[in-house]
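Working notes for the structure below.
The values are calculated or read from the model by the stated rules, or taken from the named source; none is laboratory data. As the structure is a computational prediction, the values presented were derived from the model and not from experiment. Every residue, glycine among them, receives a Cβ derived from its backbone with ideal geometry; neighbour counts consider all protein chains shown. Please note that ligands, DNA and RNA were not included when accessible areas were found on the heavy atoms of the full protein model with its side chains. Shrake-Rupley method; radii C 1.70, N 1.55, O 1.52, S 1.80 Å.
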Amino acid sequence: MRPRPYFGIDAVQAMATGLPAFNAKGGAHSVGAGAQVSYRINPQWEVHAYVEYARLLGDAAKSPPVRFGVPRTKRTVGIGASYAFDFKIR
């Protein structure tokens, strides 16, 4: 079994972690949705907030790290601010 990134477990990793070997196949590994709200304070400053939700699918959801503790769903919330610089080039 050759190592697969992210969700596969090869024989060496299985021995090191105690998790069973797992050959993850290709395909979509998650589905999700998100939303963002932005507010422009003035021409230079903007603030924003976002929320995202994702759920693992297929082999990603069946992989040993997920079966033995890693959640199948992920929720993310964030806030930020942006500043636009205004300068002229001659």
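The accessible-area ordering, largest first, of the residues I79, I41 stands as I79, I41, per a 1.4 angstrom probe. Ignoring ligands, DNA and RNA, please state the percent of accessible area on the chain from carbon and sulfur, probe 1.4 Å. Roughly 60 percent, rounded to a whole number. Cross-link reach is defined here as a Cα-Cα straight distance under 26 Å, omitting same-chain residues fewer than 8 places apart; for K74 the lysines meeting it are K25, K62. For the chain, the relative contact order comes to 26 percent (Cα pairs under 8 Å, sequence separation of at least 6).
A simple charge model with +1 on the Cβ of Lys and Arg, -1 on the Cβ of Asp and Glu and nothing else charged puts the dipole of the chain at about 160 debye relative to its Cα centre. Computed with a 1.4 Å probe over protein heavy atoms only, the accessible surface of the chain comes to 79 Å² per residue. Solvent-accessible surface of protein heavy atoms, probed at 1.4 angstrom with all chains present, puts E52, E46 in the order E52, E46, largest first.
When the Cα atoms of the chain are aligned to their principal axes, the ranges along those axes come out at 60, 32, 23 Å in descending order.
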